[in-house]
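Undergrad: This is the structure I want to talk about, given as structure tokens.
The values are calculated or read from the model by the stated rules, or taken from the named source; none is laboratory data. Predicted, not measured: the structure shown is a model, and the values here were computed from it. Positions of Cβ are backbone-derived with ideal geometry, glycine not excepted, and every protein chain shown enters the neighbour counts.
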Amino acid sequence: MPLKQERNKNLFLLSSILIHNLIYPFSTGPGLQPALFYVVFSFEFVIAVYLLTKQRSSRIMITVFGIGTFISGVVNAYVPGTIALPALYLTATLYISTLIVVLIYYIFAAKRVLIEVVLAAASLYLASGFLYAPIFGFIELVEPGSFAVNSGAAVSWQQLFYFSYTTLTTLGYGDITPAKFYAQSFAIFEAVTGVLYTVIILSRLVSLYEAERVNRPTENDNPS
């Protein structure tokens, strides 16, 4: 039962991230769509951290940053052009960073290669794509024109979310381009992170598997 519970916890997190990725256009939609989006975004990681760790400091931080993200996100959606936008970028960065730290500890504290570790690793990768979106947004806010859009439209939070994932996966459609130095340097860092992630995580999983295989009793260990 404990193993099944761990699997369900990580399956919840991965599923909630995938759902978020499908509904993120709601953040600029009409009516209650932005509020619905920020309810999902601001509380999915809070629930996940409470499920994955009992560390009090992590739970407090994810709760505070989650509430901050919700408030600033909703205010920015319905009253744009206020201090809510930089507040959203800041709280979202801290919010996602807290989840990433919890997932890293969860993965590297594991003693065996089980499905929940693989699910956590997948969630960590997707959360990395989350993280860079508000960072890119803050760069654009501080230095306007850091990102160029082929259509000529002003770059938005939603476009930077899309840009972050195309950069992380090194897909690079080219419709959004980092045009200034800070934007370019962080885009390079994210692309390198995406490439190195696979190497590091695979190495960790292989080492766990080898340690488990070496310590696993064999038939020769049992007296006949």
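Undergrad: Name the single residue that is modelled with the lowest pLDDT among those in the range 63-112 being within 16 Å of Phe37 (Cβ to Cβ) and among the polar types (S, T, N, Q).
TA: Asn76
Undergrad: Could you please find all residues in the range 86-113 being crowded, with 20+ Cβ neighbours inside 10 Å and more than 18 Å from Leu14 (Cβ to Cβ)?
TA: Passing the criteria: Leu88, Tyr89, Thr91, Ala92, Thr93.
Undergrad: Working carefully through the options Glu140, Glu190, Glu116, find the one that is among the acidic types (Asp, Glu), in contact (Cβ under 8 Å) with a residue 40 or more places away in the chain and more than 27 Å from Phe12 (Cα to Cα).
TA: Glu140
Undergrad: Being on the phi < 0 side of the Ramachandran plot, assigned to a helix (DSSP H, G or I) and in contact with a Leu (Cβ under 8 Å, 6 or more places away or on another chain) narrows it down to one residue among Ile67, Ile71, Ile19, Ile96; which is it?
TA: So the residue among Ile67, Ile71, Ile19, Ile96 that is on the phi < 0 side of the Ramachandran plot, assigned to a helix (DSSP H, G or I) and in contact with a Leu (Cβ under 8 Å, 6 or more places away or on another chain) is Ile96.
Undergrad: To continue, here is another question. Cβ-Cβ under 7 Å, sequence separation 6+ or interchain: first residue in the range 35-64 and within 20 Å of Ala110 (Cβ to Cβ), partner among the charged types (D, E, K, R) and modelled with pLDDT of 95 or more. Which pairs?
TA: As it stands, the answer is Val49/Arg59; Tyr50/Arg59, since those pairs meet every condition given.
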